[in-house]
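For reference, the structure discussed in these notes is given below.
The values are calculated or read from the model by the stated rules, or taken from the named source; none is laboratory data. Because the structure is predicted, anything quoted here is derived from the model rather than measured. No Cβ is skipped: glycine too gets one built from the backbone with ideal geometry, and neighbour counts run over all protein chains shown.
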Amino acid sequence: MSENTIKRLIFMNALFLGIDIGTTEVKSALFDEMGRELRLVKKTMQPIYSPNGRATLNMEELWDCVAQIIKQTIEGAETFGEIKAIGVTAMGDGLWMLDEDGKPISDATLWVDGRAVDYINQWKNEGIIQDSGRVVFAGSPLPLSAWFFDHQSDLMKRCAQILFCKDWIKYCLTGIAATEQTDLSDASLIDVWNRKFSIDLVTKYGVPQIANLLPPIKTSTTIMGEVTKSASLKTGIPAGIPVVNGAIDVVSSAIGTGVIDPLQACTVVGTTVYNAVVVDSITETDLTKENSPSIICHADENLWMLTMGTMLGTPNLDWFIKEFYSTSGNLSSFTELENSMKKIGPGAGGIIFHPYLGQGGERAPFVNPSAAAQFFGIKSHHTKSHMLRAVYEGIGYSMKDCYKHLPVQPKNIRIVGGGSASAFWCDIFANCIGMPIQVTHGNQIGALGAAILAAVGVNHYSNLHQATDNMVRIKNTYEPDSAKIKIYEENYAIYKHLYESLWEVWDEHHKLWRGTNERITIE
């Protein structure tokens, strides 16, 4: 029997397609019923950033991109088996608007958009910023829709429906609009305690109009439609393949790592550093305290996630490498950079970096639209390698800061996202937090989570536990070191003291420089 025949017999089984749409990268991955990644295609899409804080993305171009990578992913898939279902996950929040004909009325406004910061300051002063159970931030649908109703009312008159990113792609695949509780709870659009929409809630925020613009709510494992003939022609997927409702990327990533039981935790180290601990009750969660966690509905109807997600994670690193390590457009490899930083050691020689580069400031573990990034402790002997290590560690401190502010402590933490691929960085995370860090097999964990939900949705597996038992495996565990823990704990104390001292300075700086690249143009 030939090797190819043996492989064909091994892999001839049920297949599940997982689509994961990030802020800058779109991925399509094909998985078998054991969670093995058989095929991956990904493509970069750059949002349009404006100096005034706007961040947008063309919706039709995104659909074209997704259709293209789906077609490439499933080419020859019959060699491995039969595609049984499609799952979709994506970035949350933002504003994705359709007219009555189901066409985008404008480019999508993304969750990193910062134009609505004034509404956040107003709601914070009114003491209602967390009344939904989720901290509202500038890139949420509530402040963004308020901004559009106030500043582009003619455009909003054409709006017939507001979706989320994953819902837009599902709509393109099936012609049916539907959403679910993970995205809605993350967007502060439902009362998380009873997992239902509340007109009183959106009225409190001054945007009751949004009540009539949201699509039907279905569970994450519901088959919400089938691939249409037109979508089949565009993507190559056979018409009639079920499309399962799915979940927001942070929940999908948790599921893709097997985080489905109380006190398990998952951190996504990607565009955001999103930290979440699973709980089976939120009745005693006190949201009146300053810097309280946000509550997000888990895909399991009996679970929730206590979360804190920073505004930006890896973009801090991308920015520093681009600005300080680029030579004629050629960037140093991560292996080369990390080897140079290993010579420096924990603490980055005393330099501390606050990773608050986001246009909308910071949202966890505190909400401050004026927050800005900065380095502290630089001396003449320091090099850019010291500063780069400080950026790596600063993102680790921000993760630690979030877990410190959560009301429950996890039994274990699993790391996903681009940061999980770096053993050097995972070691920093383990020592910053002082807890073992686990990384699971696979590169596209969010897409795997979408595929797992799809497998449960079509009853290939009876529930999430059975699905994750078969489709998720631990790859590496990073153990902390007591000496390193001590260094990071001491540096974290300074990290926290610094940002607490900068509140008024940030506000003053924000008023002076907001909405401009340069205050004075020199010709």
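Please count how many residues of segment 475-514 are out of contact with any Asp or Glu (no Cβ under 9 Å at 6 or more places or on another chain) and surrounded by 13 or more Cβ atoms within 10 Å (Cβ to Cβ). Going through segment 475-514 one residue at a time, the tally reaches 15.
Looking across segment 206-262 at every residue that is in a loop (DSSP other than H, G, I, E, B) and small (Gly, Ala, Ser), the one that is nearest to His441 (Cα to Cα) is identified as Gly258. Output the residue which, of all residues in segment 2-36 that are under 24 Å from Leu464 (Cβ atoms), surrounded by fewer than 18 Cβ atoms within 10 Å (Cβ to Cβ) and not hydrophobic (A, V, I, L, M, F, W, C), is modelled with the lowest pLDDT. If we take residues in segment 2-36 being under 24 Å from Leu464 (Cβ atoms), surrounded by fewer than 18 Cβ atoms within 10 Å (Cβ to Cβ) and not hydrophobic (A, V, I, L, M, F, W, C), then Asn13 is modelled with the lowest pLDDT.
Candidates Thr271, Thr307, Thr222: the one that is more than 29 Å from Gly361 (Cα to Cα) and in contact with a helix residue (DSSP H, G or I) (Cβ under 8 Å, 6 or more places away or on another chain) is Thr222. In segment 12-70, of all residues being in contact (Cβ under 8 Å) with a residue 24 or more places away in the chain, among the polar types (S, T, N, Q) and not in a strand (DSSP E or B), the one that is nearest to Ile241 (Cα to Cα) corresponds to Gln68. Got at least one residue in segment 296-303 being assigned to a loop (DSSP other than H, G, I, E, B), surrounded by fewer than 17 Cβ atoms within 10 Å (Cβ to Cβ) and at pLDDT below 90? No: zero hits.
If a residue must be of a type in the set (A, V, I, L, M) and within 14 Å of the chain's Cα centre (by Cα), how many such residues does segment 185-195 contain?
Total meeting the criteria: 1.
Of everything listed in (1) farther than 14 Å from Ser106 by Cα; (2) at pLDDT 95 or above; (3) surrounded by fewer than 17 Cβ atoms within 10 Å (Cβ to Cβ); (4) under 21 Å from the mean Cα position of the chain (by Cα), the single unmet condition for Asp64 is (4). So which residues in segment 180-197 are farther than 17 Å from Phe137 by Cβ and of a type in the set (A, V, I, L, M, F, W, C)? Listed by number, the residues that qualify are Trp193, Phe197. For the structure I just gave you, tell me whether Gly114 is among the small types (Gly, Ala, Ser) and either out of contact with any strand residue (DSSP E or B) (no Cβ under 9 Å at 6 or more places or on another chain) or closer than 30 Å to Ser281 by Cα (or both). Answer is no for this residue.
Among the candidates Val277, Val243, the residue that is in contact with a Cys (Cβ under 9 Å, 6 or more places away or on another chain), at negative phi and of a type outside the set (Phe, Trp, Tyr) is uniquely Val277. Screening the candidates Ser370, Ser380, Ser326 for the property of being more than 29 Å from Pro480 (Cα to Cα), surrounded by fewer than 23 Cβ atoms within 10 Å (Cβ to Cβ) and touching an Asp or Glu at 6+ places or on another chain (Cβ under 6 Å) yields one hit, Ser370. Of the strands (runs of 3 or more DSSP E) lying entirely inside segment 336-419, those carrying at least 3 residues that are at pLDDT 90 or above and more than 17 Å from Glu490 (Cβ to Cβ) are 412-416.
Could you tell me how many of the residues in segment 181-191 are among the β-branched types (Val, Ile, Thr) and either in a strand (DSSP E or B) or surrounded by fewer than 24 Cβ atoms within 10 Å (Cβ to Cβ) (or both)? Counting residues in segment 181-191 that are among the β-branched types (Val, Ile, Thr) and either in a strand (DSSP E or B) or surrounded by fewer than 24 Cβ atoms within 10 Å (Cβ to Cβ) (or both) gives 1. Got at least one residue in segment 161-171 being in contact with a helix residue (DSSP H, G or I) (Cβ under 6 Å, 6 or more places away or on another chain) and modelled with pLDDT under 90? Within segment 161-171, not a single residue is in contact with a helix residue (DSSP H, G or I) (Cβ under 6 Å, 6 or more places away or on another chain) and modelled with pLDDT under 90. The residue pairs whose first member lies in segment 216-237 and is among the charged types (D, E, K, R), whose second member is not in a strand (DSSP E or B), and whose beta carbons are closer than 7 Å, counting only pairs six or more residues apart or on different chains, are Lys218/Ala178; Lys218/Glu180; Glu226/Thr174; Glu226/Gly240; Glu226/Ile241; Lys229/Ala239; Lys234/Ala67.
Among the residues of this structure, Leu40 does not count as one that is under 22 Å from Leu213 (Cβ atoms) and at pLDDT 90 or above. If you check Gly457 against the conditions, is it touching a helix residue (DSSP H, G or I) at 6+ places or on another chain (Cβ under 6 Å) and closer than 22 Å to Trp304 by Cβ? When the stated conditions are applied, Gly457 does not pass them. Where helices (runs of 4 or more DSSP H) fall wholly inside segment 436-505, no range has 3 or more residues that are at pLDDT below 95, of a type outside the set (Lys, Arg) and within 17 Å of Asp261 (Cα to Cα). Find all pairs meeting these conditions: Cβ atoms under 7 angstrom apart; at least six residues apart or on different chains; first residue within segment 477-491 and charged (D, E, K, R); second residue modelled with pLDDT of 95 or more. Sorted first by the residue in segment 477-491, then by its partner, the pairs are Glu479/Ala430; Glu479/Pro436; Asp481/Asn431; Lys484/Pro346; Lys484/Asn431. Candidates are the residues of segment 122-141 that are among the hydrophobic types (A, V, I, L, M, F, W, C) and closer than 18 Å to Gln359 by Cβ; the one that is modelled with the highest pLDDT is Ala138.
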